[in-house]
Each structure stands twice: as structure tokens, then as C-alpha cells.
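Reading through the C-alpha cells given below for one structure.
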Amino acid sequence: MWQRIYALVLRHVYLHKRSLARNMEIVFWPVMGLLVWGFFTKYIERVALPGAGAFFLGSLILWEVLYRSQQAISYSITEEFWVGNVINLFISPISTLEIGAATCVMGLLKSTVTTVFLMLMAFVFYGFDLFDAGLLLIPYYGCLLVFGWAVGLLTMGMIFRFGRGAEALIWGVPFLLEPLSAVFYPADVLPRWLWWVSMCLPSTHVFEGMRAALAGKDAGPWDLPMAFLLNVPWLAAGGLYFSRMLARAREIGNLARQVVD
Amino acid sequence: MKFPTTVVKTRELGKTFDNIKAVYGLTFNLVQGEILGLLGPNGAGKTTTIQLLLGLTTYDAGEVSILGMDPTRQRREVLSRVNFSSAYTSMPTNLTVWENLNVFSLLYGVKNRKKKIEEVLERLKITEARHKVTGMLSSGQLTRLNLCKALLNDPEVLFLDEPTASLDPDIADVVRQTLQGLRRERGMAMLYTSHNMYEVEELCDRVIFLHHGHEVARGTPDEVKLAMNEKSLEGVFVRIARGGDVETAGNGDGRN
Ligand SMILES: Nc1ncnc2c1ncn2[C@@H]1O[C@H](COP(=O)(O)OP(=O)(O)OP(=O)(O)O)[C@@H](O)[C@H]1O
Ligand SMILES: [Mg+2]
């Protein structure tokens, strides 16, 4: 089992060893994003909102954790479709669970690389240390990572079911989550009904909690436990949907066909 | 007399997509050391049959047993003892030949990986390309890489879907020799599709012709030719493709 998971992870490590574009994805783009928003917040701090910097930068970095985790998972499968390797993969003695696990490991690796880079950059350019938020950062990070897995599994399921046409979803889904997760503002600015929706997302609780911690306030006692608890049904739903859609792809012949034509 | 072991057995196998009966009522046995050709015009159901046997697509009628096991229940066990190659699949293009084979030998739990990889590269005569990036291979080299992958786990049954499409005559011959050799040395059984009737006559012990998802002729190449009163398999093929009258030919089909 471990050997097969290792094999799939190794396949992606080989890929990154040689592909500049893939490395840009996990390092270059996020860093550029950080620089733009970093300088922008510096400006905002000067003209209007002292103290906004930490708020923005912290949110920005944590958002990347979720985003990269989801992207890494969805891409690891889409990649196989692009190169016509789906059949080879699915006729090897690997189980659905192992494929899921290997992609989650990829999510962990990629989002960790991105986050470490961003934290370093934020420190160098803006003297911002995300660990100002304290050690709570670590469980919060874990929550975002796991939520990224759940959403990644959901998008991966859609790719199996709807084929390559669903590739747009890989990009689209995070943009749907971003406004609802209260990344850059407190959740209570949302209209009432949207607020309810946002409360169902583990990410909202993470961002609320982190903001409180960065502002030096006590986090709401419920933020972390809620994020943890909500992750359970989300991850279960993601895994279930993924395996259901994979089975469905086998029924309608999608698994075999997309490569051949 | 000892009968050779049956490695693949189907009974009334069928699959319908939407309203298309891609395959129906297909019954055959494949025995150890046998090369069985699955022939027929485009869209006859050859690829679908192989995909059903590999569990890439689920069948909705009939029964399948591979190496005495039910491939839907004992999927991992079955898949670790068979393999598949086609000129129409590819492999991660950014990885080198060696890296790709290394990944697959890990997936198949191959012991002594380095040695095995060298051996299959040597067999298919692409050792010199082993540090090339897969995306840079010629289509003939890629086809052989696919075959190398398919040999990594010493499969007992090899499913080959047009494995020699795009090969030049010289390399196609190397591939045929390799397959013959594997059958002789290890009694590897093969289910083989091809549109090259010359190749089929050289390689296959028996053939089954499919048309519109259904069997229309079977037997040794000679039996089929005789039964349809044609001089060549090519002639049989054309008759079938154009819908001429056909009967199930021969009796060397091992039905039981
Ligand atoms: N996933 C699918 N959904 C719908 N129809 C399908 C699917 N896969 C195959 N078919 C149909 O099933 C029939 C058999 O196709 P198949 O690919 O098995 O033919 P084939 O004998 O391999 O042909 P070729 O010689 O062109 O490779 C065709 O009519 C094809 O259009
Ligand atoms: Mg075909």
C-alpha cells in the first residue's frame, strides 16, 4: 500500500523536477500575488487603515493553503488525462483509496512549499511574521489543508463524471469559496442568508479565528473546534462523491474513453 | 492428456452504452500459452471487450473469470497478474523512459526493479532511449515503451489493443518475435486486436471475428478461411465488414 502511494507521489516529484511551469504554479504565482497585495496593503495602511497589513497578509497566505491543496489534488488527476495515462493507472493494482491518499499527500507537499515561501517573503518584504498569531496557526493550517482535500476530491469526482469539460471547475470552485469563507473581511458583513452558508464552511471559522488571533484578541472559543468538526462531513462527502463518480465513470465508459479519443 | 489451464473465461458477456450494444453474447475461453485474435471492423467492440475484462468499464451482462477469479471482486489480485498495452495510450510525457518504468514497477510491486527494467528495455530494443523524456519519443518508441510497461510484472495474461499500430515493419517484427518468445518461455496468454491480417495469421492460434458487438466467425485462421471460402483473412475481413453472409466457422473454440 505505502509503496503504491509512494509510486504516485514519486511520479509527481519527477514531473516537478523537470517542469518549470509546474514550479511556477506553486512558487512564482503565489509570490507575485503576495507582492502585489502586500504593497497595496502597505499603501492602504499609510492612507487609511493602520494595522491592516497583518490582517491582509495573514489572510492571503492562509488562503493559499486552501487553494493549493485543492488545486494539487485536482491537478494530479487532470494531469493523467492530459498525458493519456489514465488507463495505465487504473489497470494497475492500485485502489481508489490509495489514489485518493496519494493525491492528498501531493496537496500537503505543494501547499506546504507554497506557504513556507510566502511566509518567508512576507517576513523579508513586510516584516510580517505569521507566527505572531501563535501556535494556533498549526491546527488552523491543518484545517485548511483538509478542507482543501475535501474540495479537491469533489472537483476530482466531477472530472471523472463530466470529463475534461469539467476542467474549468478546478479553477472555478475556489473562487466560489473565497467570498463565502470570509477571507478578507469578517463573516458578519455578509447578508444574513449568505452568512448561514459561510458558517457551514470550515474555512470561515479558520479565517475568523486567525483574524482574532492576529489582532491579539482571544479567538472565539468555537472557531477551532467548529473548523475541525465541519471538516469531518466535508471530507466524508468529498471521498464519497469521488468514489461514486469513479464508479459511474466505469459504468458509462468514461474512464476508458477519454484517453483513447 | 493434460488440458491447458483456462486463464480468461467469459460467458455471454455484454455491455450497452445508451442505446448502442457495444458487445453482446460474447463467450470464449483463453488458455495458457494461447494467442487469441479479436478481429473486426471499426466499432465492432474489440476495444470495449478488452476494457470490460480489465474492469475499466463495468459489464452489464454475463460473467467473467480471470485466472479463476472474479475481476470485480478480486480486482487488485487480478490486475497485479495481468497487463495491457496499446498504441493508443501514452505515459507521463515529462518523465524519462526510465522514470516512467520505475513508477510502474513500484505500482506493480516488482522485485529487483532495476534489473527488470533493464531486461524489458533490452527485450524491446529501446535501451538507448532510457534517459529520453517520454514526450520526445517517436511514436514507435512510445509504443514499445507501452509494451515494456506491460511486461514489468511478468503478466500471465496480456491484453493487447492494436499494439503494433504505428510501428515500422522492422520494429513490428521485433515486437512479434518478442510476443512469440514470451508465449514460448512462460506460456503467457494474449488477447490481441489488430487490423493487420498478415500479422494476425502469423501470431494468432485462433481468431474471433466481431461485427456490431457480436461474434460472427471463429476458429483457427485456416478454419475461418475455409468455412468462408476465402483465400486470405483479409478477404474474410472484407466480407464481414461489408455484411456478407457469415456463419460461425471451425470448432477449435474450446467452448465448454
Ligand atoms: N463510452 C462509450 N459510450 C458510448 N458508446 C461507446 C463507448 N465506448 C464505445 N462505444 C461504442 O461501442 C462500439 C464499439 O466500440 P469499440 O471501441 O469497442 O470498437 P473497436 O472494435 O475497438 O473499433 P476500432 O477498430 O475502431 O478500434 C462503437 O459503436 C462505439 O461508438
Ligand atoms: Mg479499438
message: Please go through the range A:14-27 and give me each residue that is in contact (Cβ under 8 Å) with a residue 60 or more places away in the chain and either in contact with a Lys or Arg (Cβ under 9 Å, 6 or more places away or on another chain) or within 10 Å of another protein chain (Cβ to nearest Cβ) (or both), ordered by number.
response: A:L15, A:I26
- request: Looking for whichever is more than 14 Å from chain B (Cβ to nearest Cβ) and touching a residue at least 40 places away in the same chain (Cβ under 8 Å) here; the options are A:V31, A:V9. Which one fits?
  value: A:V31
message: Checking the conditions here, which among A:V65, A:V86 is modelled with pLDDT of 85 or more, buried (at least 18 other Cβ atoms within 10 Å of the Cβ) and within 14 Å of chain B (Cβ to nearest Cβ)?
response: A:V86
- prompt: Only one of B:T193, B:T178 is within 16 Å of ligand 2 (Cβ to nearest atom) and at pLDDT 85 or above; which?
  reply: B:T193
field: Residue within the range B:128-136 that is touching a Leu at 6+ places or on another chain (Cβ under 6 Å), within 8 Å of another protein chain (Cβ to nearest Cβ) and away from ligand 1 (no atom under 16 Å from the Cβ) present
entry: no
task: Scan the helices (runs of 4 or more DSSP H) fully inside the range B:169-245 and keep the ones with 3 or more residues being within 14 Å of ligand 1 (Cβ to nearest atom).
output: B:233-241
task: For the range B:1-56, name all the residues that are more than 14 Å from chain A (Cβ to nearest Cβ), charged (D, E, K, R) and on the phi < 0 side of the Ramachandran plot.
output: B:K2, B:K9, B:R11, B:E34
message: Please go through (1) over 21 Å from the mean Cα position of the chain (by Cα); (2) farther than 16 Å from A:L62 by Cα; (3) open to solvent by less than 30 Å² (accessible area, probe 1.4 Å) for A:R244 and return the number of the only condition it doesn't satisfy.
response: (3)
field: The listed residue being within 22 Å of B:L39 (Cα to Cα), open to solvent by less than 60 Å² (accessible area, probe 1.4 Å) and of a type outside the set (S, T, N, Q), out of B:L151, B:L160, B:L137, B:L145
entry: B:L160
- prompt: Tell me, which residue of the range B:22-75 that is hydroxyl-bearing (S, T, Y) and within 16 Å of ligand 2 (Cβ to nearest atom) is most open to solvent (accessible area, probe 1.4 Å)?
  reply: B:T47
task: Could you list all residues from the range B:163-174 that are within 16 Å of ligand 2 (Cβ to nearest atom) and open to solvent by 30 Å² or more (accessible area, probe 1.4 Å)?
output: B:S166
- prompt: Can you find a residue in the range B:14-23 that is touching a residue at least 12 places away in the same chain (Cβ under 8 Å), within 18 Å of B:I66 (Cα to Cα), away from ligand 1 (no atom under 11 Å from the Cβ) and in a loop (DSSP other than H, G, I, E, B)?
  reply: no
- prompt: Identify, please: which residue in the range B:1-21 is of a type in the set (A, V, I, L, M, F, W, C) and within 15 Å of ligand 2 (Cβ to nearest atom) and is, among those, most open to solvent (accessible area, probe 1.4 Å)?
  reply: B:I20
Filter result (more than 16 Å from ligand 1 (Cβ to nearest atom), away from chain A (no Cβ under 14 Å) and out of contact with any Leu (no Cβ under 6 Å at 6 or more places or on another chain)) within the range B:137-167: B:S138, B:Q141, B:L167
- prompt: Considering only residues of the range A:225-241 that are modelled with pLDDT under 90 and more than 18 Å from the chain's Cα centre (by Cα), which is nearest to A:P174 (Cα to Cα)?
  reply: A:M226
message: Restricting to the range B:82-98, name every residue that is within 22 Å of A:V9 (Cα to Cα) and open to solvent by 10 Å² or more (accessible area, probe 1.4 Å).
response: B:S90, B:T93, B:N94, B:T96, B:W98
task: Hey, can you tell me all the residues within the range A:186-198 that are at pLDDT 85 or above and surrounded by 12 or more Cβ atoms within 10 Å (Cβ to Cβ)?
output: A:L190, A:L194, A:W195, A:V197, A:S198
message: One residue is enough: does the range B:85-94 have a residue meeting the conditions closer than 30 Å to B:E128 by Cβ, within 11 Å of another protein chain (Cβ to nearest Cβ) and of a type in the set (F, W, Y)?
response: yes
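The values are calculated or read from the model by the stated rules, or taken from the named source; none is laboratory data. Not measured: the values here are computed from a predicted model. For neighbour counting, all protein chains shown are included, and Cβ atoms are generated from backbone atoms with ideal geometry for every residue, glycine included. Ligands, DNA and RNA are stripped out before the accessible areas are found, and what is left, the full protein with its side chains, is counted by its heavy atoms. Shrake-Rupley method; radii C 1.70, N 1.55, O 1.52, S 1.80 Å.
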